[in-house]
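J.: Below you'll find the structure I mean.
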Amino acid sequence: MLEVFRNAWRIPDLRKKILFTVFIIVVYRFGAQIQVPFVDVAVFSQAFLSQAGGIFGMFDMMSGGAFSRSTIFALSIQPYINASIIMQLLTVGIPALERMQKEGGEEGRKKIASITRYATVGLALLMGFGYFTYINSIDGALVGAAEGNFWCGAVIVLSFTAGSAFIMWLGEQVTEFGVGNGISIILFASIVSRGPSMVSAAVGLAQSNQWALLVGVVVAAVAAVVFVVFITNAERRVPIQYSKRMIGRKMYGGQSTHLPLKVNMSGVMPIIFAQAIASFPITIAAFISKEANDAVDRWFGYQSVLYIVVYFALIIGFAYFYQSIQFNPVEIANNLKQSAGFIPGFRPGRPTSDFIKKVLNKITLFGALFLGVIAVVPIVMSMFSDSLRGLALGGTSLLIVVGVALETVKAIEAQMVMRHHKGFLE
């Protein structure tokens, strides 16, 4: 990885992209320190720490600590993620949107992106109002003059909304002018910014002489990173043979190659989307009132059995959903047939597409189970010990960090290949 960045730094164009991405991350982290007006941060932070577990802990992790400090970036990328989920589901379910995405070309994709932006702002307004309601339910969290003042409440809600819209714009700028996926990079920066607090927690375990627990957590984290990297890079190679064809006076074809099918084709997106949907009931309850939060938390809390089962099922479902929209076996089979290619032992056309679909379903199931286990096992472990409560978020954050890092490195390598011959990477 370091070698890739070193080689990329030598290319002026890529160096500018990397510096631009770093600049956006700095702007994002600077904005995460700006508090919204009319909120007593000290009172709110103290009340937040008393119930920082569960869904609030997840929000704080996704926002890089901005949620617990009530800053303008407190909502982070949650509205954009939810809007993206809604649009992708609607695109599959509504034929007009599906045609716009597939047949509309670049113009159609721009329209879909524009609708997603409007949906993000609408959801940010709703979530901002819910967050304001949560702040208002804490005694002394609002500055005296702001309590019961409609205009002060409107300013707070609009500040949250504007912050979420600005984060969405920052992500789009990184995607267009930087390296990697902008939203993933911002999420990566949010999680990595919690590193000092994790180190502080490790020091606390050492000072309390819980060395066995500390060593176990470190070993498990290293093993998880190795396992994530291995599965992320794993692929099933389907052999492909091309027939020889005489075109004019030259013979073409006859080569042997393979069709690479990645085990974890969807990356970390099933985790992010499943987390957003599975936490929806407790999120709504938490923003309504403390009584509603306690009632829902008993059945659908972050560490309840029902939440774990639904979370695991959603991860598997979204893994298959992403596989279906990213890879079309029928289209691959038709392309092979047109180019005189075939899979040994299977006739071109329908038999080839059926075989690819069968193989794809098997490896997608394995990849989905891998994502589910990595995300769910830490939550299950945290149910048996309060000392392991932080692991409930650690598994998901570790998977996101490693996945985004690998995807970013691959994006840099792809841009390097476009600019230089193959030997440059060797």
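The values are calculated or read from the model by the stated rules, or taken from the named source; none is laboratory data. Just so we're clear, the structure is a prediction, and the values are computed from it rather than from any experiment. Positions of Cβ are backbone-derived with ideal geometry, glycine not excepted, and every protein chain shown enters the neighbour counts.
J.: Hey, does the range 40-60 have a residue that's modelled with pLDDT under 85, touching a Phe, Trp or Tyr at 6+ places or on another chain (Cβ under 8 Å) and not in a helix (DSSP H, G or I)?
T.: Scanning the range 40-60 turns up at least one residue that is modelled with pLDDT under 85, touching a Phe, Trp or Tyr at 6+ places or on another chain (Cβ under 8 Å) and not in a helix (DSSP H, G or I).
J.: Suppose the filter is surrounded by 15 or more Cβ atoms within 10 Å (Cβ to Cβ) and among the small types (Gly, Ala, Ser); does ALA124 pass it?
T.: Details: surrounded by 15 or more Cβ atoms within 10 Å (Cβ to Cβ): yes; among the small types (Gly, Ala, Ser): yes.
Yes.
J.: Taking the range 341-364, which residues are in a helix (DSSP H, G or I) and surrounded by 15 or more Cβ atoms within 10 Å (Cβ to Cβ)? First the steps, then the outcome.
T.: Just the residues of the range 341-364 that are in a helix (DSSP H, G or I), to begin with: 350-364.
Matches in the range 341-364: THR352, SER353, PHE355, ILE356, LYS357, VAL359, LEU360, ILE363, THR364.
J.: Would the range 386-406 turn up any residue that is at pLDDT 80 or above and closer than 22 Å to HIS258 by Cβ?
T.: There is at least one residue in the range 386-406 that is at pLDDT 80 or above and closer than 22 Å to HIS258 by Cβ.
J.: List the pairs whose first member sits in the range 4-32 and is over 21 Å from ARG69 (Cα atoms), whose second member is part of a helix (DSSP H, G or I) and of a type in the set (Lys, Arg), and whose Cβ atoms are under 6 Å apart, counting only residues at least 6 apart or on separate chains?
T.: Qualifying pairs under 6 Å: TRP9/ARG15.
J.: Continuing with this model, one more query. Going by what's in this entry, would GLY108 be described as touching a helix residue (DSSP H, G or I) at 6+ places or on another chain (Cβ under 9 Å) and on the phi > 0 side of the Ramachandran plot? Show your work before the answer.
T.: On the way: touching a helix residue (DSSP H, G or I) at 6+ places or on another chain (Cβ under 9 Å): yes; on the phi > 0 side of the Ramachandran plot: no.
It is false that GLY108 is touching a helix residue (DSSP H, G or I) at 6+ places or on another chain (Cβ under 9 Å) and on the phi > 0 side of the Ramachandran plot.
J.: Pick from the range 170-197 the residues that are of a type in the set (Gly, Ala, Ser) and crowded, with 22+ Cβ neighbours inside 10 Å: which of them is nearest to the chain's Cα centre (by Cα)? Give the derivation first.
T.: Filtering the range 170-197 down to residues of a type in the set (Gly, Ala, Ser) leaves 171, 178, 180, 182, 184, 189-190, 193, 195, 197.
Remaining after also requiring crowded, with 22+ Cβ neighbours inside 10 Å: 171, 178, 182, 184, 190.
Working: GLY171: 13, GLY178: 18, GLY182: 11, SER184: 6, SER190: 12 Å.
Within the range 170-197, the match that is nearest to the chain's Cα centre (by Cα) is SER184.
J.: Sticking with this one: When you check SER68 against the structure, is it part of a helix (DSSP H, G or I) and farther than 29 Å from SER193 by Cα, yes or no? Spell out how you get there, then give the answer.
T.: On the way: part of a helix (DSSP H, G or I): yes; farther than 29 Å from SER193 by Cα: no.
The answer is no for SER68.
J.: Pairs please, first residue from the range 335-364 and over 16 Å from THR257 (Cβ atoms), second anywhere and of a type in the set (D, E, K, R) and crowded, with 17+ Cβ neighbours inside 10 Å, Cβ atoms under 8 Å, 6+ apart in sequence or on different chains.
T.: Filtered contacts from the range 335-364: ILE363/LYS262.
J.: Just the residues that are over 28 Å from the mean Cα position of the chain (by Cα) and either of a type outside the set (A, V, I, L, M, F, W, C) or loosely packed, with under 15 Cβ neighbours inside 10 Å (or both), please, taken from the range 323-340. I'd like the intermediate steps shown before the answer.
T.: The initial filter retains those residues of the range 323-340 that are over 28 Å from the mean Cα position of the chain (by Cα), namely 330, 333-340.
Correct list: VAL330, ASN334, ASN335, LYS337, GLN338, SER339.
J.: A further question on this structure: Within the range 304-320, which residues are closer than 15 Å to MET269 by Cβ, buried (at least 20 other Cβ atoms within 10 Å of the Cβ) and of a type in the set (A, V, I, L, M, F, W, C)? Step through it out loud before you land on a result.
T.: Step one: of the range 304-320, the residues closer than 15 Å to MET269 by Cβ are 311, 314-320.
Cutting the leftovers down to buried (at least 20 other Cβ atoms within 10 Å of the Cβ) gives us 311, 314-315, 318-319.
Matches in the range 304-320: LEU314, ILE315, PHE318, ALA319.
J.: Then there is this: So is GLY204 touching a Ser or Thr at 6+ places or on another chain (Cβ under 7 Å) and modelled with pLDDT of 70 or more or not?
T.: Details: touching a Ser or Thr at 6+ places or on another chain (Cβ under 7 Å): no; modelled with pLDDT of 70 or more: yes.
The answer is no for GLY204.
J.: Hey, another quick one. Hey, could you check the range 207-217 for residues that are surrounded by 13 or more Cβ atoms within 10 Å (Cβ to Cβ) and hydrophobic (A, V, I, L, M, F, W, C) and say which is nearest to GLN415 (Cα to Cα)?
T.: Only one residue fits best here, namely VAL217.
J.: Check the range 95-102 and report whether any residue there is surrounded by 19 or more Cβ atoms within 10 Å (Cβ to Cβ) and of a type in the set (D, E, K, R).
T.: Among the residues of the range 95-102, not one is surrounded by 19 or more Cβ atoms within 10 Å (Cβ to Cβ) and of a type in the set (D, E, K, R), which makes the answer no.
J.: Select from the range 365-383 the residues that are more than 16 Å from GLY267 (Cα to Cα) and touching a residue at least 24 places away in the same chain (Cβ under 8 Å) and list them in ascending order.
T.: So in the range 365-383, the residues more than 16 Å from GLY267 (Cα to Cα) come out as 376-383.
Once the filter is applied, which keeps residues that are more than 16 Å from GLY267 (Cα to Cα) and touching a residue at least 24 places away in the same chain (Cβ under 8 Å), the range 365-383 yields VAL376, ILE379, VAL380, SER382, MET383.
J.: Next question, about the same structure. Which condition number does PHE23 fail, the rest of (1) in a helix (DSSP H, G or I); (2) farther than 17 Å from LEU170 by Cβ; (3) over 20 Å from the mean Cα position of the chain (by Cα) being met?
T.: Just one mismatch for PHE23, condition (2).
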